[in-house]
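Below: one structure, written as structure tokens.
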Amino acid sequence: MCILKLPATAIDNMDRARKQCLWRGPDINKKGGNLASWNMVCKPKDKGGLGILNLRLQNDALLLKHLHSFYNKRDLPWVSLIWDKYYHRRIPHASREIGSFWWKDVLRLSTLFRGIARCTLGRGDTILFWDDLWAGSILSAKFSTLIHFAKKTRT
């Protein structure tokens, strides 16, 4: 399954149409301002909103699921293809962006993903010793003076 990351302009266009539908209804000539802020409209109903999905957040959440599959090396054809083609003996977030425009957009969320995901030690081929969360805290932040004494800080 492949989910495309929508460009900001596409999301903006969809939000514009949703706002017009919500506030103007069938009357295309109706003038006037919005009756509530869009942030309030996108809140869940139990939080005082209308429960309309925030497309940017929804899209990013779906792409984070792709990163989860990727970093856990799930048995999926696209995961194997990307690891074999671009990251053989390399860690994705430690190297420059390579790959298709879709993959580069997904990989831009890796900082967010690594901030909420905890690594478990295994072969060590998908994590960075100093910069990933695997020991309860990120070691480069906890031992900032010690990192300068390491011979090789990045892999």
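Any read-out appearing in this document is the output of simple, stated calculations on the displayed coordinates, not a laboratory observation. Only a predicted model underlies this, so the values are computations on that prediction, with no experimental measurement involved. All Cβ positions, glycine included, derive from the backbone under ideal geometry; neighbour counts span all protein chains shown.
Past the 20 Å Cα-Cα mark, which pairs from Lys65/Lys104; Lys104/Lys142; Lys19/Lys65?
Over 20 Å apart, Cα to Cα: Lys104/Lys142; Lys19/Lys65.
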Could you give the length gained by full extension between Leu35 and Leu53, i.e. 0.36 nm per residue of separation minus their alpha carbon distance, to one decimal place?
4.7 nm
Using a 7 Å offset from the Cα along the Cα-to-Cβ direction at both Lys104 and Ile11, what is the distance between the two label points in nm, to one decimal?
1.8
